[in-house]
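J.: Pasting a structure below so you can have a look.
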Amino acid sequence: MRGYHDASYGDSFADVYDQWYHGISDVASTTRTLAQLAGGGPVLELGVGTGRLALPLAAEGVEVHGIDTSERMLQQLAAKDGAAAVHATLGDMVDDMPAGRFALVFIAYNTFFNLLTHDRQQACFRAAATRLADGGSFVVEAFVPNPHHEPASSITVRPVTADRVVLSVSTSDTAAQRAEGQFVDITESDGVRLRPWSIRWATPEQLDAMAAAAGLTLADRWESFDRMPFGPQSERHVSVFCKGTRANSSSVRPSPLDTP
Ligand SMILES: C[S@@+](CC[C@H](N)C(=O)[O-])C[C@H]1O[C@@H](n2cnc3c(N)ncnc32)[C@H](O)[C@@H]1O
C-alpha cells in the first residue's frame, strides 16, 4: 500500500485500539501462561501497543519490556495506571529489538504478520533467538491462514450508530500471502478517518521453518493461551519455540493450582 510504513497501523488505530479490541482474547489466561513460561525471568513483548497484555503481566510482578514502532500507541500505554512498571521502547521490533537475555519473548494477536515480507519475519525469529536466555521461549500467537476463504476483496460493515459508521475494506493476494485494507471511519462530527492495515500471513509450518533456521525448536502448540489442544480445525494458534533445553519445562503443563 503506497504511503504505508511500520508506524501506520499503530498511529492510525491508537485512539480507538482499546475500545475496539479490548475483548479480542482472554487476558487472564494469556498472562497466566506467559508468566508460567517466563518462570520468574524478564519478558519482552514485540509490538507492545497500548499495554493490553504488558500491563497486567507487569502487575503480576513480572519484569516486562516492550517495543513498539508507534509513538501514539506508546502514549496510550504511558497514560495508564502501572505504566511505569513496563520498560517501553520506541522502535522497530526487528531492527531495534532491545538488548538483553530474556526468559520469554512474545508477540501476540497476529502482530507478527505486521512484518510484511518473509525476510523480515525470518529476521524477527533470528533477532528473538539472540535475545533469549538458554531454555527461553519465543511465543507467537496468530491466526491459521485459510486462503480458500480469503476473498480477493471485501467490504463489511461494523456496528452502525446514529452518528457513526465504520466500513472495513480489504483486498488479499493469496499467492503473496498478503492482505491489506482500511477501516473507513465516518462520523457526523469529524467526517472521514482512514485507518489502514497491512499484513503478510504465514502458516504454522512456515513459522516452524523460520524457527528452525533461527535455531529454535517448536516445544508446544496450542489453540489458545488456555492450552486448548491445537488440531486441524483450529483457526488460531499459540506456538512456543524454545532455545536449547527448556529451563521451566514443568511449567508447560497446567498444575491443578492453575485451574481458573
Ligand atoms: C495488533 S497491535 C497489538 C498490540 C498488543 N500487543 C496487543 O496484543 O494488544 C500491533 C502493534 O504492533 C505494532 N507494530 C507494528 N509493526 C511494528 C514494528 N515493525 N515494530 C514494532 N512494533 C510494530 C503496532 O504499532 C501495534 O501497536
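Readers should treat all values here as calculations from the given coordinates under stated rules, not as data from a laboratory. Small disclaimer: the values here were computed from a predicted structure and weren't measured. Backbone-built Cβ (ideal geometry, glycine too); neighbour counts: all protein chains shown.
J.: For the stretch 7-27, give me each residue that is in contact with an Asp or Glu (Cβ under 9 Å, 6 or more places away or on another chain) and more than 9 Å from the ligand (Cβ to nearest atom). Full working, then the answer.
T.: So the first thing to find is which residues in the stretch 7-27 are in contact with an Asp or Glu (Cβ under 9 Å, 6 or more places away or on another chain), and the list is 7, 10-11, 14, 16, 25-26.
Within the stretch 7-27, Val16, Asp26 meet the criteria.
J.: Also: Report, by residue number, each residue of the stretch 70-101 that is crowded, with 23+ Cβ neighbours inside 10 Å and not aliphatic (A, V, I, L, M).
T.: Ser70
J.: I'd like to verify a number: residues in the stretch 1-18 that are β-branched (Val, Ile, Thr) and on the phi > 0 side of the Ramachandran plot, how many? I'd like the intermediate steps shown before the answer.
T.: Residues of the stretch 1-18 β-branched (Val, Ile, Thr): 16.
Then keep just the ones that are on the phi > 0 side of the Ramachandran plot; that gives none.
Residues meeting the conditions: 0.
J.: Now a separate question. Can you report the number of residues in the stretch 180-212 which are of a type in the set (A, V, I, L, M, F, W, C), surrounded by 19 or more Cβ atoms within 10 Å (Cβ to Cβ) and under 30 Å from Val240 (Cβ atoms)?
T.: To start, the set of residues in the stretch 180-212 that are of a type in the set (A, V, I, L, M, F, W, C) comprises 183-184, 186, 192, 194, 197, 199, 201-202, 207, 209-212.
Still in the running and surrounded by 19 or more Cβ atoms within 10 Å (Cβ to Cβ): 183, 197, 199, 201-202, 207, 210-211.
Checking the rest, the ones that are also under 30 Å from Val240 (Cβ atoms) come to 197, 199, 201-202, 207, 210-211.
Selection size over the stretch 180-212: 7.
J.: Inside the stretch 89-138, can you point out the residues that are part of a strand (DSSP E or B), polar (S, T, N, Q) and within 12 Å of Leu46 (Cα to Cα)? So that I can check it myself, show each step before the final result.
T.: The initial filter retains those residues of the stretch 89-138 that are part of a strand (DSSP E or B), namely 89-90, 102-107, 132-138.
From what's left, polar (S, T, N, Q): 89, 137.
Across the stretch 89-138, the qualifying residue is only Thr89.
J.: For the stretch 139-187, which fully contained strands (runs of 3 or more DSSP E) count at least 1 residues that are within 30 Å of Ala128 (Cα to Cα)?
T.: On the way: elements: 153-157, 164-173, 178-187.
Fully inside the stretch 139-187 and qualifying: 164-173, 178-187.
J.: Which numbered condition trips up Gly47, out of (1) touching a residue at least 12 places away in the same chain (Cβ under 8 Å); (2) of a type outside the set (A, V, I, L, M, F, W, C); (3) within 12 Å of the ligand (Cβ to nearest atom); (4) farther than 18 Å from Ala142 by Cα?
T.: Result: Gly47 passes all but (4).
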